[in-house]
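Inspection log for the structure reproduced underneath, given as structure tokens.
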Amino acid sequence: LKKPTINISILPRGELQGGHYAPQDDDKEYFIFHGGVIQGDLETSGEVALGDVWKYDYEDNALTLLAPYPPLQWQHDERNQLYPMARTAHAATVVGDELIIHGGMHPSEDILDEMSSTFSSPSDSYATYKTHAKWKPLTDVWVFNLKTLKWKERIQFPQMARSYHTLVGSDDGQIAAFGGFQQDTSQYSSETVVFVFKDLLISRPNEMYWLKLMPSADQISHSLVRQSYRNNYLLGITNRLEHSAILDKSGSMFVWGGRFQTVNQITGLWRLDVFTEDANLHLEVAPPDGIEAYEKELEALHLFLVTMMFMSLTISSLLSSMRRRGEDQETIERSS
């Protein structure tokens, strides 16, 4: 059966993610993309996350639907019949004949009107609208085979939630995620906690653990484009989201742009030799981070405060007891 081709004008969406695809058995080249967000009914649903996969033909200026959302039954992961949740603000790249996606956000099913916030879309793409969705951070990694058109999850531990980050991949299936954003609710304060990252995470196709770069001073080089940059930009790459990253043919990753709170806080072009032949990166199994690490720190802080309060009460009680004993001793001495 011939796959349906659809004119691009009826597919407006934001925050889609994908990559360039040049199959070896085809003279044409394509852009593959997945997911994103559209503006739904402002009074009921607000922003709607998407989960479909499309192929754009540069030469014919046409789009082909590769997988709808939800995907067809035969496109599910054969091991458990699962498929990736619709999402926006995720990262994606094309490696060989595979589209690989990671993270992003999905509107939570538990929607409370009193939790409405104009900040529920942290990209400010729809800042003029008041949305009613509490965005759920996603941690999963999925691979879409561009030949078989089937999804398969790449299981990774620990669960690393990222949004508005970047993903690049090498020919052997390794991927590297950089930077990004995480927004979650603390179970201690019920407040929204926001994290912006500057770490590099690496996933290998036959390993189940995220690896994290433990940087040294000579692993990241800063390329000055203009002489007017201040010297403090040489201190190290800064935390950022909504940036861009590419991988050149030698395996070097280039990071540019983005923002922290504003774009004025981000500058410079950065290079990291991630997958080069002479890459000498110090990688360790990534520890939990984000809300999980934050709450562990809060637990440690609470334990410390409780311990200090207990010690304070114990010392106060001991001093009080010693003072009473001293007073009693003075009374006995006076009586005798």
Open item on the list: How large is the accessible surface of Met85 in square angstrom, using a 1.4 angstrom probe and rounding to the nearest 10?
Closed with: 70
Task: With all protein chains modelled, accessible area of Tyr58 [1.4 Å, Å²] - done: 100
TODO: For an R0 of 30 angstrom, estimate the FRET efficiency from the Cβ-Cβ distance between Phe157 and Asn80 and round to the nearest 0.05.
DONE: 0.95
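Which order do Asp26, Asp171, Asp140 take by accessible area at a 1.4 Å probe, largest first?
Asp171, Asp26, Asp140
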Task: Sequence of Trp210, Trp74, Trp256 from largest to smallest accessible area, 1.4 Å probe - done: Trp256, Trp74, Trp210
- [ ] Might you work out the accessible area of Tyr209 for me, using a 1.4 Å probe with all protein chains in place, and round it to the nearest 10 Å²?
- [x] 130
- [ ] Just list whichever of Lys28/Lys147; Lys134/Lys212; Lys136/Lys198; Lys55/Lys212 have alpha carbons separated by over 23 Å in the model shown.
- [x] Lys134/Lys212; Lys55/Lys212
- [ ] Rank these residues by their accessible area, most exposed first, probe 1.4 Å: Glu59, Glu333.
- [x] Glu59, Glu333
Task: Cut-off under 5 Å, modelled amide H: who pairs with Trp135 long-range - done: Ser108
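The values are calculated or read from the model by the stated rules, or taken from the named source; none is laboratory data. What you see is a predicted model; the values in this text were computed from it and never measured. Please note: Cβ atoms are built from the backbone with ideal geometry, for glycine as well, and neighbour counts cover all protein chains shown. Each accessible area value is taken on the protein alone, full model and side chains, heavy atoms only, with ligands, DNA and RNA left out. Shrake-Rupley method; radii C 1.70, N 1.55, O 1.52, S 1.80 Å.
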